[in-house]
């Protein structure tokens, strides 16, 4: 710095204790966020700020032990938080602290408008550059707005704070008091994901396409998703917060931000929580830009990212799709944060995917997180109208634009099996579903390992997967795509309709004695069922009766052949002896598909139909 800036710097320099002594009783004090917390100043606030009484402390997320929130200081400080961290949770539960439920994108506006008064801002900055500019480093979020609004700005300048680029710079002119303190920046790592959380993360990763832009909300599961994306290409990041998880993907070139439609080449964020290794990567790195939360979390800014994937966690989701993420009943636990901002922004994005993630149970499996209704006092963070994808370790439910009946079945299908019958009973009691609605038998766990893909000769790709109980509407739609002739050939009658009573029977699969495999074309939510192959086992003979149906417009593309051959593979792994089929004499296409399996066919003609039988150990002679 030049002499003038050097003189300005030293004119404002004080010890932490002397700086804190400038704060008046009754002040509204803002404390920097998360890993950006100015620890030397908060220590002095507690240890040497005896003359400060009746002060209100505002902060977004505290990761330290928050000593000012201890009961012994209740007469001096009252924490008032926008997001409840571990250091303030007990104080809030005991009534010694307050919680302001508000979307992260709106907090800077609340501060700038003066509706939330900030008298003092305690912040942490990097060392100044030659022009006198300091960086807010790992914590721009709402800290910049508080810095600009405060009557007294006390800054802890720390040479270990990385100099991050973007819109997070503060000039020496704008600082009232400076405290020098060279100490490690707070570090944070998410708890190691357990097996259930890893499975949820793996399911989420299935929704992430190449060239997607990611938001990872606060939590172990969003961070764990990154471990399953090593085979993706050209991912980008636009998120309110990130941690160490992105580093490996950056170094592997998976996250390169090349295909982003806004801020190409840049990782856009508001704050970071991680290790010293991460902070070293951030320092003066043009790849990263930190901006205030009213920009990063603005849903309309978020939506300008095509293929925006927003990943956020929930405490519970009810059968209508309402999401609670900040409270356990009447006990506040965390906060709204950026969930509502990013869920709405991703929904507005071209080909965006808003995702709510949660394990299916809590308390060691004793309670379900998919619930008939939210607990009394629980808050709705994301409304039932905003929810698109809900993901547990048991699968993915897409519920946007679905009826309450469809939502209920979709969500029950990804609940823990131990709670599905209870959830169905509750849904019936609230008239959410058909009074005669059934579920597959207990123990019928969806066999995810049977999911595969088929590409036909024209290059069309199909998802091949077992049929689920929530596929009833897909089956009904496919039925009405069949011509009258195809219906007759499949069902041996002029069947004109497939109401719920009949359709339900076709989706009650136990994946053992009753199996059905479908071919789906297109991505959620616009996928379409284009064919089904199914069998029903006769335990006396260990032979299963097989049937295949493909709508007329999709016949001749290899779908039926692939489905039948794949069904044979499944049957063989389950120890079945062979298949039987009843085929009308006019159904030449089905007979050709059966012969193409390569097994020796035994046929018997009776009353206009062939009884066909083939065993898996009896190949036809070539």
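Residues being within 21 Å of residue 290 (Cα to Cα), in a helix (DSSP H, G or I) and within 14 Å of the chain's Cα centre (by Cα): count how many of those fall in segment 205-245.
3
If residue 462 meets every condition in (1) surrounded by fewer than 21 Cβ atoms within 10 Å (Cβ to Cβ); (2) more than 26 Å from residue 198 (Cβ to Cβ); (3) not assigned by TED's automatic domain parsing to the domain that holds residue 311 apart from one, which number is that one?
Condition not satisfied by residue 462: (1).
Any chance segment 582-594 includes a residue that's assigned to a strand (DSSP E or B), closer than 24 Å to residue 488 by Cβ and without any contact (Cβ under 8 Å) to a residue 60 or more places away in the chain?
Looking through segment 582-594, at least one residue is assigned to a strand (DSSP E or B), closer than 24 Å to residue 488 by Cβ and without any contact (Cβ under 8 Å) to a residue 60 or more places away in the chain.
Let me spell it out: the conditions are (1) buried (at least 18 other Cβ atoms within 10 Å of the Cβ); (2) under 16 Å from residue 137 (Cβ atoms), and residue 183 meets all of them except one. Which number is the exception?
(1)
Regarding segment 246-266, can at least one residue be identified that is farther than 22 Å from residue 101 by Cα, within 17 Å of the chain's Cα centre (by Cα) and in a helix (DSSP H, G or I)? So that I can check it myself, show each step before the final result.
Step one: filter segment 246-266 for residues farther than 22 Å from residue 101 by Cα, giving 246-266.
Those still in the list that are within 17 Å of the chain's Cα centre (by Cα) too: 246.
Within this subset, residues satisfying the condition of being in a helix (DSSP H, G or I) are 246.
Within segment 246-266, one or more residues are farther than 22 Å from residue 101 by Cα, within 17 Å of the chain's Cα centre (by Cα) and in a helix (DSSP H, G or I).
Could you grab me the full set of residues in segment 596-616 that are touching a strand residue (DSSP E or B) at 6+ places or on another chain (Cβ under 9 Å), more than 10 Å from residue 581 (Cβ to Cβ) and in contact (Cβ under 8 Å) with a residue 12 or more places away in the chain?
The answer is 597, 598, 599, 600, 602, 605, 608, 615, 616.
Evaluate the following for residue 374: is it under 18 Å from residue 314 (Cα atoms), out of contact with any helix residue (DSSP H, G or I) (no Cβ under 7 Å at 6 or more places or on another chain), in contact (Cβ under 8 Å) with a residue 60 or more places away in the chain and surrounded by 19 or more Cβ atoms within 10 Å (Cβ to Cβ)?
Criteria not met by residue 374.
Would you point out the residue of segment 546-581, among those that are without any contact (Cβ under 8 Å) to a residue 12 or more places away in the chain and within 24 Å of residue 514 (Cβ to Cβ), that is surrounded by the most Cβ atoms within 10 Å (Cβ to Cβ)? Write out each step before concluding.
Here is the first cut: in segment 546-581, the ones without any contact (Cβ under 8 Å) to a residue 12 or more places away in the chain are 556, 569, 573.
From what's left, within 24 Å of residue 514 (Cβ to Cβ): 569, 573.
Numbers: 569: 12, 573: 9.
Within segment 546-581, the match that is surrounded by the most Cβ atoms within 10 Å (Cβ to Cβ) is 569.
Within segment 61-82, work out how many residues are within 27 Å of the chain's Cα centre (by Cα) and at pLDDT 95 or above. Quick ask: steps written out before the conclusion?
Taking segment 61-82 as the starting set, the residues that turn out to be within 27 Å of the chain's Cα centre (by Cα) are 61-64, 81-82.
Next, from what is left, pick out any that are at pLDDT 95 or above: 81-82.
The number of residues fulfilling the criteria is 2.
Conditions (1) crowded, with 18+ Cβ neighbours inside 10 Å; (2) within 30 Å of residue 265 (Cα to Cα), marked per residue:
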position: 158; (1), (2): yes, yes
position: 163; (1), (2): yes, yes
position: 173; (1), (2): no, no
position: 206; (1), (2): no, yes
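What is the residue count in segment 269-294 for residues that are closer than 15 Å to residue 167 by Cα, in a helix (DSSP H, G or I) and touching a helix residue (DSSP H, G or I) at 6+ places or on another chain (Cβ under 8 Å)? Give the steps one after another, and end with the answer.
First, the residues of segment 269-294 that are closer than 15 Å to residue 167 by Cα: 269-272, 282-294.
Those left that are additionally in a helix (DSSP H, G or I): 282, 293-294.
Applying the additional criterion that residues be touching a helix residue (DSSP H, G or I) at 6+ places or on another chain (Cβ under 8 Å) yields 293-294.
Matching residues across segment 269-294 total 2.
Given the criterion part of a loop (DSSP other than H, G, I, E, B) and modelled with pLDDT of 95 or more, identify the matching residue among 387, 391. Write out each step before concluding.
Working: 391 fails: part of a loop (DSSP other than H, G, I, E, B).
Within the list 387, 391, the selection yields 387.
Looking at 415, 378 in this structure, which one is closer than 22 Å to residue 449 by Cα, in a loop (DSSP other than H, G, I, E, B), assigned by TED's automatic domain parsing to the domain that holds residue 301 and more than 13 Å from the chain's Cα centre (by Cα)? Step through it out loud before you land on a result.
Working: 378 fails: closer than 22 Å to residue 449 by Cα.
Just one listed residue meets the conditions, 415.
Just to be sure before I move on: is residue 202 surrounded by fewer than 17 Cβ atoms within 10 Å (Cβ to Cβ) and either in contact (Cβ under 8 Å) with a residue 60 or more places away in the chain or assigned to a loop (DSSP other than H, G, I, E, B) (or both) in the structure I sent? Don't jump to the end; show me each part of the working.
Numbers: surrounded by fewer than 17 Cβ atoms within 10 Å (Cβ to Cβ): yes; either in contact (Cβ under 8 Å) with a residue 60 or more places away in the chain or assigned to a loop (DSSP other than H, G, I, E, B) (or both): no.
No: the conditions fail for residue 202.
Go through segment 74-83 and report how many residues are surrounded by fewer than 23 Cβ atoms within 10 Å (Cβ to Cβ) and either under 19 Å from residue 338 (Cβ atoms) or touching a strand residue (DSSP E or B) at 6+ places or on another chain (Cβ under 7 Å) (or both). Outline the logic, then answer.
Applying the first criterion (surrounded by fewer than 23 Cβ atoms within 10 Å (Cβ to Cβ)) to segment 74-83 yields 74-76, 78, 80.
Still in the list and also either under 19 Å from residue 338 (Cβ atoms) or touching a strand residue (DSSP E or B) at 6+ places or on another chain (Cβ under 7 Å) (or both): 76, 78, 80.
The total comes to 3.
May I ask you to list the residues in segment 413-431 that are surrounded by 15 or more Cβ atoms within 10 Å (Cβ to Cβ), touching a residue at least 40 places away in the same chain (Cβ under 8 Å) and more than 16 Å from residue 473 (Cα to Cα)? I'd like the intermediate steps shown before the answer.
First, the residues of segment 413-431 that are surrounded by 15 or more Cβ atoms within 10 Å (Cβ to Cβ): 413-417, 419-420, 423-424, 426-428.
Next cut, touching a residue at least 40 places away in the same chain (Cβ under 8 Å) only: 413-416, 419, 423, 426-427.
Matches in segment 413-431: 414, 415, 416, 419, 423, 426, 427.
Hey, could you check segment 86-110 for residues that are in a loop (DSSP other than H, G, I, E, B) and touching a residue at least 60 places away in the same chain (Cβ under 8 Å) and say which is surrounded by the fewest Cβ atoms within 10 Å (Cβ to Cβ)?
We begin by selecting, within segment 86-110, every residue in a loop (DSSP other than H, G, I, E, B); these are 86-88, 94-97, 100-103.
Filter again for touching a residue at least 60 places away in the same chain (Cβ under 8 Å), leaving 101-103.
Numbers: 101: 13, 102: 17, 103: 20.
In this case the residue turns out to be 101.
The values are calculated or read from the model by the stated rules, or taken from the named source; none is laboratory data. These numbers come from a predicted model, not from an experiment. Note that each Cβ is placed from the backbone with ideal geometry, even for glycine, and that neighbours are counted across all protein chains shown.
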